[in-house]
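Enquirer: Here it is, the structure in full.
The values are calculated or read from the model by the stated rules, or taken from the named source; none is laboratory data. Computed from a predicted model, the values in this text were never measured in an experiment. Counting neighbours? That spans all protein chains shown, and the Cβs are built from the backbone with ideal geometry, glycine included. The area values use the complete protein model at the heavy-atom level, side chains included, leaving out ligands, DNA and RNA. Shrake-Rupley method; radii C 1.70, N 1.55, O 1.52, S 1.80 Å.
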Amino acid sequence: MTSVADVMDALESRFPLDLAEDWDVNGLSVGRADATVTRALFAVDPTMAVVQEAIEAGCDLIVTHHPLLLRGVTTVHAGTPKGAVIHALIENGIALYNAHTNADHAGTGVAEALANVLGVSGALPLVPLRDDAEQGTGRIGRLDAPISLRQFAERAAAVLPETAHGVRVAGDLDGTVQTVAVVGGSGDSFLAAAREAGADVYLTADLRHHPASDARETAMLGNGRPYLVDVAHYASEWTWLEAAAEYLGDATGIDTLVSTLTTDPWTARF
C-alpha cells in the first residue's frame, strides 16, 4: 500500500523542498502522513470546486501547485473559505499537498513543462540558481524553426487551457521569433532577464501595465525584442499538472488524475 508519506517522498525527490523561496509554503497541509493513498487529483488551486471534484472521483489526496495556507489565518471555522475547504477535506478523508516555488525552480518543474508544450527545445533556466545551473527560474531555449509572433501566440492559445483572459501580445505580429523565454506564473520581475538573455519573445503571466510598457519602450530602442505574450496565471502553470501526475503515477503506482476545472478566477470578458 502507498501512503501519503510515500507520495511526499516521491514528489520531494522530483521537486526538492530546498529549492523553494524562503517566504513560500510547501508540503502537506491537511491529512496524515501514514494514511493510505490510492488515487490523487492534481490541480493548480485548492478551491472548493477542486475538493468537490476529488470527492466525486474517489480521491484520497489532492496535489496542488498553489498552497492553501500561504499566509497566516486566525480561524479555520467552516464559515470561512479556507476553513470550509479544510473541513471538507478532513470529513472526506482527503489529504492536501502542494509544491509551489520548489516546482517552479526544479529542472523538471513548471517552467520546463511550459517550454515543452510550446515546442521550445534545449531549454535552460532563464535565471539559474547560483549553485546549480540546471535549476532556477523560467526557461529559455529555441523553437526548431523560426515562426512569426502571430503564429507563436496562436500556438500558445492552442496548447494552453482556454481562459477568459486569453493570450495578449505586445509587438509586431509579423516579427520573427525563435529564441523563447518563459516563466510560469507572475513574471514581471524577469522582464529584464528575458531581454538580457536575448529572447525574441517572453511568455509569462500577470504582466502589469507599467512594467510591460517600460519593457516595450526599452525594446524599441533596439531591435524591438523581446516581444511579450501574456497569458492567465492558471494557464501558464497548468501544463505542469500533467507531467507531475504522470511522474507520480509511475513512481508510486497509484492512480493519478488531472483536474478538468478551470480555476482561473475570471469567467468572462466583454
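Enquirer: If I filter the range 224-247 for residues that are surrounded by 14 or more Cβ atoms within 10 Å (Cβ to Cβ), of a type in the set (Asp, Glu) and not in a strand (DSSP E or B), do I get at least one hit?
Expert: yes
Enquirer: Mind listing just one residue for me: the one in the range 13-37 that is surrounded by 14 or more Cβ atoms within 10 Å (Cβ to Cβ) and hydroxyl-bearing (Ser, Thr, Tyr) and, of those, farthest from Pro161 (Cα to Cα)?
Expert: Ranking the candidates gives Thr36 first.
Enquirer: Against the definition (of a type in the set (A, V, I, L, M), open to solvent by less than 60 Å² (accessible area, probe 1.4 Å) and assigned to a loop (DSSP other than H, G, I, E, B)), how does Leu69 come out, yes or no? Walk me through how you get there before you give the answer.
Expert: Working: of a type in the set (A, V, I, L, M): yes; open to solvent by less than 60 Å² (accessible area, probe 1.4 Å): yes; assigned to a loop (DSSP other than H, G, I, E, B): yes.
Yes, satisfied.
Enquirer: Right, here's the next one. For a quick check of your reading: which strands (runs of 3 or more DSSP E) sit entirely within the range 89-188 and have at least 2 residues that are of a type in the set (A, V, I, L, M, F, W, C)?
Expert: 95-98, 120-124, 127-129, 139-148, 168-170, 176-186
Enquirer: Return a yes/no flag: does the range 101-120 have any residue that is free of Cβ contacts under 8 Å to residues at least 60 places away in the same chain and open to solvent by less than 40 Å² (accessible area, probe 1.4 Å).
Expert: Yes, the range 101-120 contains at least one residue that is free of Cβ contacts under 8 Å to residues at least 60 places away in the same chain and open to solvent by less than 40 Å² (accessible area, probe 1.4 Å).
Enquirer: I need a count of the residues in the range 28-60 that are touching a residue at least 60 places away in the same chain (Cβ under 8 Å) and either in a strand (DSSP E or B) or over 11 Å from Tyr97 (Cβ atoms) (or both).
Expert: First pass over the range 28-60, keeping only residues touching a residue at least 60 places away in the same chain (Cβ under 8 Å): 28-32, 35, 37-45, 47, 49-50, 53, 57, 59.
Filter again for either in a strand (DSSP E or B) or over 11 Å from Tyr97 (Cβ atoms) (or both), leaving 28-30, 32, 35, 38-45, 47, 49-50, 53, 57, 59.
Result for the range 28-60: 19.
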